[in-house]
Amino acid sequence: MENIIAGIDSGYGFAIGESNKSNKTILMRNYVRRISKKESVDISQNIKEINENNILIKYDDKYYICGELCLTYYPTEQMKLDDNRVNNIYHLIEILMVAGQLSKDNEFNLFLTVGLPNRLKEERQNLINWLQNKFEFSFLTINGEIKKSVNIVEVSCIPQVYAPIFTLPEDKRNKYICSIDLGHKTADIMLINNFNIVKQPGASISAEGCIHLYKLLETQLVNKFSQTNYKKKDYSQILLQKIFEKEEYKIGDTTQDISDILDFVINDYLDYVYYKVENSAGEYLVDADIFIASGGILKNNTFRKTLADKFKAEHGKPFMTAKDPQLAIANGLFQYALLQYQDKIIDTKEKDTDDIEEMDEINEIQG
Amino acid sequence: MKYKDRIVLSFYPDDNTDMILLELINNTTSKRYRSSKIKDILYNYFKENYKKDFEIIKKNIENSTETEENSINIIKNIKKSNKDTINVVNKALNDWNEE
């Protein structure tokens, strides 16, 4: 049985995984719903191939519909990951839906690195003990069950916000780094000096993630349309996410002009993040060599550029993001796993770290 | 060790040349070392009669062996450096976890 090395970022909003056997990063929205056997039989008739948009899992004789497929059949489904991650079936399915796609093999040994937000640090060992196990499950398709047996031999767990330092070029990893991870539920900030986590009070910060922004976006949308025929009391999580990601809100076929709202919520969250960092860790930032930021929200060009400009104006240091900032944590976890488990496989796939970019260069690249 | 190529020699009883060669080889070495004996003869023959080609090929092969050794050393050094890094990282993470 083959040994596989992987990093999986199992967050509140997304599950993302990368291994030495996968040709690409696996990315899925973290929607999981338990369904009946009959529903699973019906839905599986439309699944011709296994991919991120077509994951239906049978585990322990129960059936789970995952990711985009879940939203297709159950558009108002809620995200279910809470802080009780150990022994949480939805968290396990989130990990298995990605792990199963990390190799075409039906059976494999997995050497895995996962991450946790700072506030769940105490859960680290319990999470490791729970995941270090053999998991047998199936992906369901029109052609029947594709059985998977994933033997998780070793697990390591590091702070999510620590992981992106491994996406930096090797000569920059041991610098004094301010890492900012803007996740869906949590925003973590950590100062790391030559791999050591700075422990002074205020140097590690847990704040609200993009949920902060979505709450405000919902309030603004409810207010804007309260006097119209389009008035709504609330908006689903996925609708708010998609409005923000696409920077577009359609009612029927009509695109609504919400640019003022988007501008307002982006600037509000920018200020929230910037002042959280400055007010808590400002005194230590004078020593920082590099700022590195990760999280899907940084795919928004305005947000990324403005945040970079704010920190550069204040500290005059490079502000770096991965080309796809949403994948930075998973990529960092995978890079850590390659270092940690390099002896477990003959050839390790060293991911090219050239896909990190400094914000100074963005204008040049885009120009 | 895995061989790169293999040549099988067949000696036919109705071919006098084959039989002469076979008997000479068997008389000058034990069965187990016949292939080494044949290689020695070929080596000396090419060294004497194809001097120029022999030297060029010899040089190329020595260089490529050195390059291969260099690659092996580079990989060894990378693995050593990775181990050093992960030891520093894990010590830092343990300090953080035990806090």
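Read-outs: derived from the displayed coordinates by stated rules, not from any lab. Just so you know, these numbers come straight off a predicted model, no measurement behind them. Here the Cβ positions follow ideal geometry from the backbone for every residue, glycine too, while neighbour counts run over all protein chains shown.
How would you classify chain A from its alpha-carbon gyration tensor, with a ≥ b ≥ c the square roots of the eigenvalues: rounded for a/c under 1.5, else prolate if a/b is greater than b/c, otherwise oblate?
It comes out oblate by the Cα gyration axes.
Out of the DSSP beta bridges found with both residues in chain A, what percent are antiparallel (nearest 5)?
Bridges in chain A are about 65 percent antiparallel.
With the crude spin-label approximation of a point 7 Å out along Cα→Cβ, what separation in nm comes out for A:Phe225 versus B:Lys76?
Distance between the two pseudo-spin positions: 6.8 nm.
Counting just the Cα atoms, what span does the stretch A:4-145 cover along each of its three principal axes? Round to the nearest Å and put the largest first.
Largest to smallest, the principal-axis extents are 42, 32, 26 Å.
Report, in deg cm²/dmol and to the nearest 500, the calculated mean residue ellipticity at 222 nm for chain A, where each DSSP H run with n ≥ 4 adds -39500 (n - 2.57) and the sum is divided by the residue count.
That comes out to -10000 deg cm²/dmol.
Label point 7 Å out from A:Glu136 along Cα-to-Cβ: which residues of the stretch A:47-86 have amide N under 13 Å?
Residues passing the 13 Å test: A:59-61.
Name the most mobile residue of A:Leu339, A:Leu217, A:Leu27, meaning the one with the largest mean-square fluctuation, in a Gaussian network model of chain A with Cα contacts below 10 Å.
Top of the fluctuation ranking is A:Leu339.
How many percent of Cα pairs in chain B exceed 19 Å?
70
I'd like the distance between the alpha-carbon centres of the stretch A:117-170 and the stretch B:1-31, rounded to an integer number of Å.
The stretch A:117-170 and the stretch B:1-31 have Cα centres separated by 59 Å.
Working from the pairwise distances between different alpha carbons, so that the mean of 1/r is found and then inverted, what is the stretch A:110-175's Kirkwood radius in Å?
On the way: mean 1/r = 0.0698 Å⁻¹.
By the Kirkwood definition, the hydrodynamic radius is 14.3 Å.
Along Cα→Cβ, 7 Å out, is where each label goes; now give me the distance between the ones at A:Glu248 and A:Asp287 in nm to one decimal.
Going from the A:Glu248 label point to the A:Asp287 one covers 4.8 nm.
Which residues in the stretch A:196-230 have a backbone N closer than 20 Å to a point placed 7 Å from the Cα of A:Asp257 along the Cα-to-Cβ line?
Within reach of a label on A:Asp257, which here means backbone N under 20 Å from a point 7 Å along Cα→Cβ, the stretch A:196-230 contributes A:220-230.
Based on the mean of other Cβ atoms within 10 Å per residue, sort peptides A:328-334, A:318-324, A:308-314 so the most packed one is first.
My ranking of the peptides, most packed first, is A:328-334, A:318-324, A:308-314.
Taking each residue of A:188-198 in turn, how many C-beta atoms of other protein chains fall within 10 Å of its C-beta, and what is the average?
3
At 7 Å along the Cα-to-beta-carbon direction for both A:Gln200 and A:Lys24, put a label point, then send me their distance in nm to one decimal.
Reported label-point gap for A:Gln200 and A:Lys24 is 4.5 nm.
Cα centroids of the stretch A:38-115 and the stretch A:194-216: how far apart, whole angstrom?
29
So for chain A, averaging the separation of alpha carbon pairs under 8 Å that are six or more residues apart and normalising by length, what relative contact order in percent results?
For chain A, the relative contact order is 18 percent.
Where the only charges are on Cβ atoms (+1 Lys, Arg; -1 Asp, Glu), what is the dipole of the protein assembly as shown about its Cα centre, to the nearest 20 debye?
1140
Applying a 10 Å radius around every beta-carbon, put A:48-55, A:203-210, B:30-37, A:160-167 in order of their mean neighbour count, most first.
On the way: A:48-55: 16.4, A:203-210: 20.0, B:30-37: 11.1, A:160-167: 27.2.
Packing order, densest peptide first, comes out as A:160-167, A:203-210, A:48-55, B:30-37.
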